[in-house]
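Okay, so here's the structure we're looking at.
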Amino acid sequence: MSDVLISLFRDNTMWLGIWQTVYLTVLSTALAYAIGLPLGVLLCTTGRGGLAPVPWLNKLLGAIVNIFRSIPFLILMVAFLPVAKAIVGKSYGPAAMVVMLVIAAAPYVARMVESSLKEVDAGVVEAAKSMGANPFQIVWKVYLPEAKPSLLVGAVIGMVTVLGYSAMASTINGGGLGQIAIFYGYNNFKDDVIWMCVFFTVIIVQVIQEGGMFLAARTDKRLRAKAGRAKKCGRK
Amino acid sequence: MIELKNLTKIYPSKTGETVALEDVDLSIPDGSIYGVIGLSGAGKSTLVRCIDLLEKPTRGQVLLDGEDMTAAKKKRLSELRRSIGMIFQNFNLLEQRTAAANVRFPLELNKTPRGEAKQRAEELLSLVGLSEKAEAYPSQLSGGQKQRVAIARALATRPKYLLCDEATSALDPTTTESILQLLKKINRELGVAIVVITHEMKVVERICTHVAVLDRSRIAEAGRVEDVFSFPQSEIAKQLIIPNLIRSLAGSGGSKLRLVFRGGGSGEPVISGLAIECGIPANILFADTRRIDGKTFGHMVIELTGDQKQNAAAREYLAAHDVIFKEEL
Ligand SMILES: Nc1ncnc2c1ncn2[C@@H]1O[C@H](COP(=O)(O)OP(=O)(O)OP(=O)(O)O)[C@@H](O)[C@H]1O
Ligand SMILES: [Mg+2]
């Protein structure tokens, strides 16, 4: 182990980096969902054959989402620094980084939400309509609850993607493991620092992935039923 | 009463238009079990979806106790829909909710107080015989059980009408029979009028009081089951109801009579009497009797092989014995 790496552990920089990475990832994902979830619902419901078709709105939202999604993150980050500055007052630091991550992730989240909702059986939606449900009730009581397991899986993928972006965003002094890897590792030619950061990142990804999937499987009543049955059969 | 007036549904498409329903007129009386039968693609599903306005008719009206549903505002339409329950071939239950929560779903939609909704769900599950499955999820239920939950759910808002689109088509014969009996019980005990969409004659025979035969987007004929079954007028109805009759008529030979038995004693005594008393040998070309709603109904096609005078005597004999008959070519 190099002295740099040892001192990173000693003065808690590494632990702080891990904490920052987790915290920024979770916060950015949550904010991305605050925008992306309603956007995804709109994309799904205003589309052709949707609950409340508004073709022009659907096309407009779709186009915006596509534009944002086709810009590489690094370029998006540079281009939107002034926006970050306008929103949080600075074009560097963790707050600016969160803005960047949200801008990059929200359209991605919107598409994932849209596709999760589209998986909901059209027959069930129709049944709800036949019972006199209004569009708002259908979104709230049919689409979202029925798509919950799929939405959770999407959230896991989204969060891991945000984590990946956050490493790049570290270059604007956002903090976290990415910044440690670049400043202490790459700039000082300390490969072990870089690898240690990679190691911790992998651990974080694993925890998010496994935890999220566990949660998704647990909430899915279609799966739970099967698991319950399988267990019973096993006992016999 | 549900009345359909000149109901027409046209689906536009790139390659022209599909006319799914054309000038359909139909009255569904309160308390009836109305079968709608037709071949695949005849427009049965379109018809039932238009009744509930899940599909907006291109032309025509749907009158629910005299009120035009096609003209109703959104909010009023929601209310009207609550007086029409609907069940489907694929059950369409909410997979992430328990059976009881599925039954409570329509009650949540109209903001029924929780306690009341809970009690109503219990009542309904017990009505359909599924009390012990209240907390099961749909994936833990069999097809028949799922349909029972769907029926309970459809009845939650105390509808006057229940629409069933191929409700038993995904079920085996035994389960089908039990679901049909349940529908009959609901009709009898709750006074709910039921529209049963099906492509199976058997379903109509088992429970329906009325039947409409749908053929290529038009109603070929409609009326009480006994009448339509005894004297099917249209080709399509004959094909569906007495498929073998058509074939038996195809052959050459003397004059053919179709005898119709409507709930009386049926069959052989009359024919042997005919032979003995009139001395006319009658060939039986086709015979089919079935029990509908507890009564025996039957068709028999005989060929009279005597000369004109003998044949006239045979007709007299039949008329004298209260046998309804119809000349067939
Ligand atoms: N959404 C739609 N768009 C275009 N055409 C449609 C649509 N739904 C139905 N059709 C057409 O309308 C006609 C009637 O269809 P419908 O589903 O009512 O038949 P059906 O009698 O219920 O048949 P099945 O017994 O197979 O269920 C068919 O020719 C079908 O292709
Ligand atoms: Mg159909």
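Condition first: in contact (Cβ under 8 Å) with a residue 12 or more places away in the chain, open to solvent by 20 Å² or more (accessible area, probe 1.4 Å) and among the acidic types (Asp, Glu). Can you find one or more residues in region B:65-76 that meet it? Yes, because at least one residue in region B:65-76 is in contact (Cβ under 8 Å) with a residue 12 or more places away in the chain, open to solvent by 20 Å² or more (accessible area, probe 1.4 Å) and among the acidic types (Asp, Glu). For B:Leu214, the criteria (1) in contact with a Phe, Trp or Tyr (Cβ under 7 Å, 6 or more places away or on another chain); (2) within 16 Å of ligand 2 (Cβ to nearest atom); (3) aliphatic (A, V, I, L, M) hold in every case but one, which is (1).
Within region B:176-201, restricting attention to residues that are small (Gly, Ala, Ser) and open to solvent by 10 Å² or more (accessible area, probe 1.4 Å), which residue is farthest from ligand 2 (Cβ to nearest atom)?
B:Gly191
With the condition kept exactly as written, say whether any residue in region A:13-21 is more than 18 Å from the chain's Cα centre (by Cα) and open to solvent by 60 Å² or more (accessible area, probe 1.4 Å). Scanning region A:13-21, I find at least one residue that is more than 18 Å from the chain's Cα centre (by Cα) and open to solvent by 60 Å² or more (accessible area, probe 1.4 Å), so the answer is yes. Please go through (1) farther than 19 Å from B:Ala20 by Cα; (2) at pLDDT 85 or above for B:Gly254 and return the number of the only condition it doesn't satisfy. All conditions pass for B:Gly254, except number (2). Scanning region A:44-84 for residues that are closer than 25 Å to A:Val142 by Cβ, outside any helix (DSSP H, G or I) and hydrophobic (A, V, I, L, M, F, W, C) yields a count of 3.
A:Met77 passes every criterion in (1) at pLDDT below 90; (2) within 30 Å of A:Met168 (Cβ to Cβ); (3) open to solvent by 80 Å² or more (accessible area, probe 1.4 Å) apart from (3).
For the condition under 18 Å from the mean Cα position of the chain (by Cα), within 16 Å of ligand 1 (Cβ to nearest atom) and closer than 22 Å to B:Met1 by Cβ, B:Asp215 does not qualify.
Suppose the filter is touching a Ser or Thr at 6+ places or on another chain (Cβ under 6 Å), outside any helix (DSSP H, G or I) and either at positive phi or crowded, with 16+ Cβ neighbours inside 10 Å (or both); does A:Leu24 pass it? It is false that A:Leu24 is touching a Ser or Thr at 6+ places or on another chain (Cβ under 6 Å), outside any helix (DSSP H, G or I) and either at positive phi or crowded, with 16+ Cβ neighbours inside 10 Å (or both).
Just one of (1) farther than 21 Å from A:Lys129 by Cβ; (2) out of contact with any Phe, Trp or Tyr (no Cβ under 8 Å at 6 or more places or on another chain); (3) away from ligand 2 (no atom under 16 Å from the Cβ) fails for B:Leu162. It is (1). Cβ-Cβ distances below 8 Å connect the following pairs, each with a first residue in region A:47-75 that is more than 30 Å from A:Gly178 (Cβ to Cβ), a second residue that is basic (Lys, Arg), and a separation of six or more residues or different chains: A:Pro55/A:Arg48; A:Asn58/A:Arg48. Within region A:84-109, residues that are within 13 Å of A:Val26 (Cα to Cα) and touching a residue at least 40 places away in the same chain (Cβ under 8 Å) reach partners that are buried (at least 23 other Cβ atoms within 10 Å of the Cβ) and β-branched (Val, Ile, Thr) with beta carbons closer than 7 Å, at six or more positions or on different chains, in the pairs A:Leu101/A:Val162; A:Ala105/A:Thr29; A:Ala105/A:Val162. Checking each residue in region B:36-62 for being more than 16 Å from ligand 2 (Cβ to nearest atom), open to solvent by 20 Å² or more (accessible area, probe 1.4 Å) and at negative phi picks out B:Lys56, B:Thr58, B:Arg59, B:Gln61. Listed by position, the helices (runs of 4 or more DSSP H) contained in region B:79-175 that have at least 1 residues being facing another protein chain (nearest Cβ under 9 Å) and open to solvent by 20 Å² or more (accessible area, probe 1.4 Å) are B:99-109.
In region B:16-74, what residues are among the acidic types (Asp, Glu), part of a strand (DSSP E or B) and within 13 Å of ligand 1 (Cβ to nearest atom)?
B:Glu17, B:Glu22
Checking each residue in region A:98-136 for being within 13 Å of another protein chain (Cβ to nearest Cβ), open to solvent by 20 Å² or more (accessible area, probe 1.4 Å) and assigned to a helix (DSSP H, G or I) picks out A:Ala122, A:Glu126, A:Lys129, A:Pro135, A:Phe136.
The values are calculated or read from the model by the stated rules, or taken from the named source; none is laboratory data. Model, not experiment: these values are computed from the prediction. Ideal geometry is used to build each Cβ from the backbone, glycine not excepted, and the neighbour counts take in all protein chains shown. The protein model used for the area step is the full one, side chains on, heavy atoms only, and it has no ligands, DNA or RNA in it. Shrake-Rupley method; radii C 1.70, N 1.55, O 1.52, S 1.80 Å.
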